[in-house]
Amino acid sequence: MASGSSGSATGNPRNKVALKPGHSLMDWIRLGNSGKDLTGVGGVPISVTREQLAQHKTPDDAWLCIRGIVYNVTHYMDFHPGGCEELMRGVGKDATSLFNQVHAWVNYQTILQKCVVGRLHSEEFTLPIPPPKKSSSLSVTSNNKSKSSVDWSQQLETFTLLYNLKTSSPQVQILFNEPDSLLCRINENHLDSRVTSIKLEGKITWPAEILINSSTGKSAIQLKLRKKKKALWKEYGAMVETENRPNEEGDEYWPAEITSINKQTHDSYLITLKNTKNVYNHINVGQHLLIKQDIKGEEVIRPYTPVPKLTYQKPCVGKPVWRSTSEEVSLLIKCYDLGKMSSWLCSQRKGSTVMLSNPKGSFNTDIFTKNITEVYLFAAGTGITPMLSVVDWLLKSPSVLKIRLLYFNKTRKDIILEDKLDQLASEESRFYVEHILSEPSSEWSGRRGHVSLDLLLNILPKHADDIPRSDFVCICGPRPFTALVEKMLKEHLEYTSENYYSFSGQ
């Protein structure tokens, strides 16, 4: 749910009431996941006229409309932080204006996702999904005129969705609501999001098999669901589709269980977590997650960047490379003695639970345009974490001919994943890694020192004013490190924001 918000759909966050025991936001989530029909229409979206909406205006039978979608809020009455009376102000009518006046930032779509009745009759909403000859395609046009599509196909045991998107870094969330329904959130341009509620012909099981294929400027997401019973469906079902702006304030969190903790260096750990809810959040290259935890009575929130397994897969020119995704997320955590979150995380055991946010971050692989043939990565300490996903993505892109990582640490024992990075460099001729130590032992034969202008002049390619740059630089590390590299790039090497990206604050 949205952190920092009231968890209210229409009420005033400054006028909260005391809720009855067992009516917290987490209790509401549990009720939604219990299997109870909160829609009142059997979970199958219907078309609602304004006259029908007006008939449902009592606390025991309460419908309201926000931005064209009708919700049954009868069961939400006792969970509403603003109280029943406040929520009743919007019941039986279009409450969009009231909602926008009070707190338009609240992520009501998530709070009321199990309460969808349908769409107001004035706006077409129901789309039957017919059986295809081989596959059928639903064309979707978003507000920014970028056209994407959803393809559908089935076999005796499986049902498959294929999203074709016009960006290489889409925001994707898939919620498995019921045995026969899904909620898919797709955000292609970081401004407008598309929410698709799918009611299927038959029942399916979770988890799904999810494959991702991304390249510059486009991507495809394949969602393969296993049917509970072997059968060819005559129809796939129906869907409700809306376009909504994402919640700009607050963050949505999901419970995750620690499945493994492995020590990497003398003070760093690789911690793997798995969502305990039936949800899939696609993590794009370079994105981070927030971990929220109550530690000794204080709510602590810290960002951490997931890392890939770094398994090399040789790209085939002209052939897409599909990557299998996992419900598990791996985080590299450096444990600081005075770090509230890091020391708590590193002290946990398998089975402990934390709250994970949706993926965050503005990095987009579309910056690696076709004319970029060389990528240089400057990382210090745990600033290696976003670079690992960048390297993993670039190695699957045949257009990039050279990837060079310069990894700065104090001593050799501080180098995270040294063996894996060196092994990757030995297996992939396009990838180079150089470890640079500021406080090495006498046995160290590699480069010594700190990042400097002389180093950058020696490493980065020379640039002619009349020829577009074919190189790109990524930077991540402590703030003084990233600030220094940025300053040298801009002031001495004539790089612009189009030629480099800084993962600030990692």
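Given the pairs K166/K490; K263/K309; K296/K350; K360/K396; K277/K350, which span a C-alpha to C-alpha distance of over 27 angstrom in this model?
Pairs exceeding the cut-off: K166/K490.
Go through 49-58, 373-382 and give me the packing order, highest mean Cβ count within 10 Å leading.
Ranking the peptides 49-58, 373-382 by packing returns 373-382, 49-58.
Find the relative contact order for segment 23-75 and round it to a whole percent, using C-alpha pairs within less than 8 Å whose residues are 6+ positions apart.
Once divided by the residue count of segment 23-75, the mean separation gives 26 percent.
Taking 0.36 nm per residue of separation and subtracting the Cα-Cα distance, full extension of the segment from A483 to S47 would add 151.5 nm. Hey, with R₀ at 30 Å, roughly what FRET efficiency would Q348 and T411 work out to, going by the Cβ-Cβ distance, to 0.05? Efficiency, from the Cβ-Cβ distance: 0.65. Partner aspartates and glutamates whose Cα lies under 17 Å from the Cα of K228, excluding those fewer than 8 positions away in the same chain, are identified as E157, E178, D180, E201, E209.
Annotation: aspartates and glutamates with alpha-carbon distance below 16 angstrom to K462 (same-chain offsets under eight excluded): E374, D454, D471, E491, E494. Electrostatic bookkeeping for V300 treats Lys and Arg as +1 and Asp and Glu as -1; over the other residues with beta carbon under 10 Å from its beta carbon, the sum is +1. A 1.4 Å probe, protein heavy atoms only, puts the accessible area of L270 near 40 Å². Computed over neighbours whose Cβ is under 14 Å from that of I204, the net charge equals +3, Lys and Arg +1, Asp and Glu -1.
Our coupling estimate for segment 50-55, obtained by passing each phi through the Karplus curve with A = 6.51, B = -1.76, C = 1.60 and θ = phi - 60°, is 5, 5, 5, 4, 5, 6 Hz, Gly and Pro reported as x.
The K292 and T373 beta-carbon pair, evaluated with R₀ = 60 Å, returns a calculated FRET efficiency of approximately 0.90. Here the peptides 297-303, 496-502 are ranked by packing, the mean other Cβ count within 10 Å, and the order with the highest first is 496-502, 297-303.
The values are calculated or read from the model by the stated rules, or taken from the named source; none is laboratory data. None of these values were measured; they are calculated from a predicted model. Here the Cβ is made from the backbone with ideal geometry for all residues, glycine too, and neighbour counts use every protein chain on show. All accessible areas refer to the heavy atoms of the entire protein, side chains included, with ligands and DNA or RNA removed. Shrake-Rupley method; radii C 1.70, N 1.55, O 1.52, S 1.80 Å.
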